[in-house]
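No value in this document is a laboratory result; all are computed from the given coordinates. Values in this document were obtained by computation on a predicted structure and should not be read as measured data.
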Amino acid sequence: MIRLAAAKKGISPLIATVLIIGFTVALAAVIMIWGQSFSKSVQKSTEQSAKVQLVCAQDVAFEMESLCYHGNKVYIIVKNNGNVEIEKYIVRMFKDANTAESANIDKKITPFAISTHDFEVSSPEFAQSIEKVELIPIVKVEGKDVTCQNNILGYDVEISECPESLVAEDENQNGLDGGLGDLAGNLPGGSAGNLGGDIDTGGVLGGSQFAGGIFGGINN
């Protein structure tokens with residue numbers, strides 16, 4: 001019996017060419033769309049980075065005026081000489097090259113203002129042994145908090161104990177804040193807000209009188 005082999009037919013050259021062209025066009029379109037999106041992303045990131053560097057370089061001027069300790073609490077006076085508000089800042093303290101602690105000060109400092117803040121460290125021994133301090137300012141650029149890495153300032157310090165007047169003022173202020181806070185809770189919203197603002201202003205102005213350098217010496 002004679003068997004006839006079935007005829008095998010492949011894709012015609014014309015259809016194969018059309019498929020290859022279609023695949024190439026689709027791939028090119030995908031690459032083009034991705035490239036445009038990537039280019040815009042890189043451009044936006046570059047613009048944001050440039051603006052951050054410009055703000056930090058031209059508008060941020062932040063420095064420490066004085067530093068002292070009482071027990072395991074450290075008091076610091078800082079000055080904002082720049083044109084932008086300092087949203088917050090980080091204080092990095094060194095006892096020696098291998099021992100350091102840091103404190104996050106979540107307080108705003110308006111342009112050209114002097115402000116006094118205090119924070120606790122691990123022990124009185126560490127507070128008494130601080131030899132170097134670094135300030136790291138954080139500002140807001142386009143609604144985002146940005147750390148100005150190139151504006152980190154280092155100070156070699158000879159820290160001394162705080163004047164009793166500053167410690168007493170701080171303790172009195174804390175007590176006053178608590179008492180007025182209770183009072184403000186019983187006042188209408190507007191009065192309570194105004195009362196709180198007066199407390200903040202008093203604290204800054206009261207602390208600024210010590211900026212004359214009666215704390216431990218500071219060398220840039």
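Per-structure values
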{"read-out": "For S66, distant residues with modelled amide H under 5 Å away", "value": "I77"}
{"read-out": "Placed amide H near L153: partners under 5 Å, 5+ positions off or other chain", "value": "L135"}
{"read-out": "From phi via Karplus (6.51, -1.76, 1.60), per-residue ³J(HN,Hα) for the stretch 33-42 in Hz, x at Gly/Pro", "value": "5, 4, x, 5, 4, 5, 5, 5, 5, 5"}
{"read-out": "Rounded, prolate or oblate (a/c below 1.5 giving rounded, otherwise prolate when a/b exceeds b/c) for the stretch 15-66 by Cα gyration tensor", "value": "prolate"}
{"read-out": "Amide H within-cut-off set for K88, under 5 Å, with H built and near neighbours excluded", "value": "I138"}
